[in-house]
1. As a check on your grasp of the helix formula, calculate [θ] at 222 nm for the chain: sum -39500 (n - 2.57) over DSSP H runs of n ≥ 4, divide by the residue count, round to the nearest 500.
2. Could you point to the residue in Phe323, Val4, Gln406 farthest towards the positive end of the chain's charge dipole, with +1 and -1 charges on the Cβ of Lys/Arg and Asp/Glu respectively?
3. What angle do you read, to the nearest 10 degrees and between 0 and 90, between the alpha-carbon axis of helix 394-411 and the longest principal axis of the chain?
4. Just to check I understand the Karplus step: with θ = phi - 60° and J = 6.51 cos²θ - 1.76 cosθ + 1.60, what whole-Hz values come out for segment 154-169, glycine and proline as x?
5. Rounded, prolate or oblate: which fits segment 231-411, taking a ≥ b ≥ c as square roots of the Cα gyration tensor eigenvalues, rounded meaning a/c under 1.5, else prolate when a/b beats b/c?
6. For the chain, find the longest principal axis of its Cα atoms and tell me its angle to the long axis of helix 290-302, 0 to 90°, nearest 10.
7. Which shape class applies to the chain: rounded if a/c is under 1.5, otherwise prolate when a/b exceeds b/c and oblate if not, where a ≥ b ≥ c are the square roots of the Cα gyration tensor eigenvalues?
8. Helix 122-133 versus the longest principal axis of the chain: what is the Cα-based angle in degrees, 0 to 90, to the nearest 10?
Amino acid sequence: MRIVQITPGSGDNFYCENCLRDRALVGALRALGHDVILVPFYLPLQSQDEPPLTEVPIFYGGVNVYLQQKLALFRKTPRWLDKLFDCRALLDWAGRKVGMTSAKDLGETTLSMLRGREGRQIKELERFLDWLDADENRPDVVMISNVLLSGLVPAIKERLEVPVFCLLQDEDGFVDGLASPYAEQAWELMRRSAREVDGFLAVSEFYDRLMAQRLKIPRSKRHCLPIGIPIHEYSPAPESPAVPTIGFLSRLCAEKGLDRLVDAFILIKSEPQLAHARLRISGGRLRSDEPLIRRLQQRLEKAGCLDDVTFSGEFSFSARLRFLQDLTVLTVPEKSPVAYGLYVLEALACAVPVVQPAIGVFPELIAHTQGGLLYEGTSAIDLAQALKPLLLDNEKARRLGQKGLQGVRLHYDIQRTAERIMAIIESR
């Protein structure tokens with residue numbers, strides 16, 4: 001089959017679980033012999049040291065989307081001018097500014113994209129449909145990375161008459177974060193366009209239940225399909241680190257609980273037995289995250305802990321592998337329920353145990369892999385108490401990591417995920 005996978009890019013600015021998930025899935029589908037084209041929207045796809053999976057143009061370039069939303073003039077400009085705004089350097093700059101757009105602009109643009117042909121980016125839609133309908137690109141099936149792209153679906157089906165499948169992962173957090181009335185209107189538009197989607201592939205049982213309710217998806221269209229990782233690319237360190245080391249791998253922001261972890265680390269360092277503990281932080285950032293990071297560094301310096309904390313700006317695959325192999329335990333103390341938790345799978349594939357809040361997907365991941373600990377509560381004290389047993393008992397941490405490694409190999413191999421996806425598509 002020829003499959004087109006549409007994926008919003010993150011511009012290489014932070015650890016984007018959706019981008020990494022889609023790259024890995026495309027690779028697994030290709031390994032099964034399918035012709036898969038990965039199409040980036042908005043910003044370039046995360047790659048760092050990884051080779052590009054496709055050489056296709058960026059569609060709905062972030063700068064053009066913004067200009068066409070704000071000014072009617074740019075809805076009529078010729079393609080040669082639009083192409084200038086799609087250049088990599090300008091999109092990289094725009095990517096670093098993500099998060100600084102006003103709530104009103106973000107809400108209006110989201111609604112416009114969900115309206116498809118009725119939105120202000122109709123010129124971008126027609127350009128994409130023309131490319132998709134060309135003989136060398138025409139797919140047998142289209143997959144969209146999330147339901148925020150579902151405004152495309154009616155036009156794709158009308159023009160190409162092919163099935164469209166939609167992955168579901170953490171859209172609710174973004175939509176619920178829009179100012180009112182944009183959030184309510186976005187949910188209504190997504191429910192409307194969801195009727196045109198042939199099947200939904202939720203990345204966890206937790207998220208399957210949540211989105212079935214919020215989008216009113218009929219049971220016949222729902223598939224729970226935990227997305228795995230390419231297991232063979234990961235390898236544990238030959239031995240545990242000599243110094244107890246906590247790791248954080250995600251975007252460096254408050255929503256991911258980085259501030260809570262810093263406070264927990266300061267508490268941990270006050271324990272005489274753990275005075276030598278280290279904290280390693282990686283995952284990238286946006287411009288809007290910088291003030292928080294500076295405040296946390298000042299807090300660490302005031303507590304006398306800054307020298308034992310490393311902030312790494314590199315999060316390519318090879319860098320992540322080195323990072324994970326140097327940890328005793330990994331935690332990303334999310335403040336809201338999440339659907340996926342790719343960093344959990346990556347840590348366990350390196351035999352590094354995890355400590356996570358008992359919300360969202362994490363109880364499910366721990367039940368399937370047996371590779372970590374869950375904790376209740378939302379304070380830094382709660383997190384510190386959950387981390388200390390593994391930092392104080394290296395053998396316990398190592399046993400838990402080995403269990404997790406076996407569990408992730410058994411339940412989260414992306415090649416089996418790809419086989420299941422193709423079975424679902426072919427049975428339609």
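1. After summing the helix terms and dividing by the residues of the chain, the value is -14000 deg cm²/dmol.
2. Result: Val4.
3. For 394-411 against the chain, the angle is about 20 degrees.
4. x, 5, 4, 5, 5, 7, 9, 6, 10, x, 10, 10, 10, 7, 10, 7
5. Taking the square roots of the gyration eigenvalues as a ≥ b ≥ c, segment 231-411 is rounded.
6. 0
7. Values: a/c = 1.93, a/b = 1.54, b/c = 1.25.
Judged from the Cα gyration tensor, the chain comes out prolate (a/c at least 1.5, a/b above b/c).
8. Taking the Cα atoms of the chain, the angle to 122-133 is about 90 degrees.
No lab work stands behind these numbers, since they all come straight from the coordinates. Just so it is clear, the structure is predicted and the values come from calculations on it, not from any experiment. Every residue, glycine among them, receives a Cβ derived from its backbone with ideal geometry; neighbour counts consider all protein chains shown.
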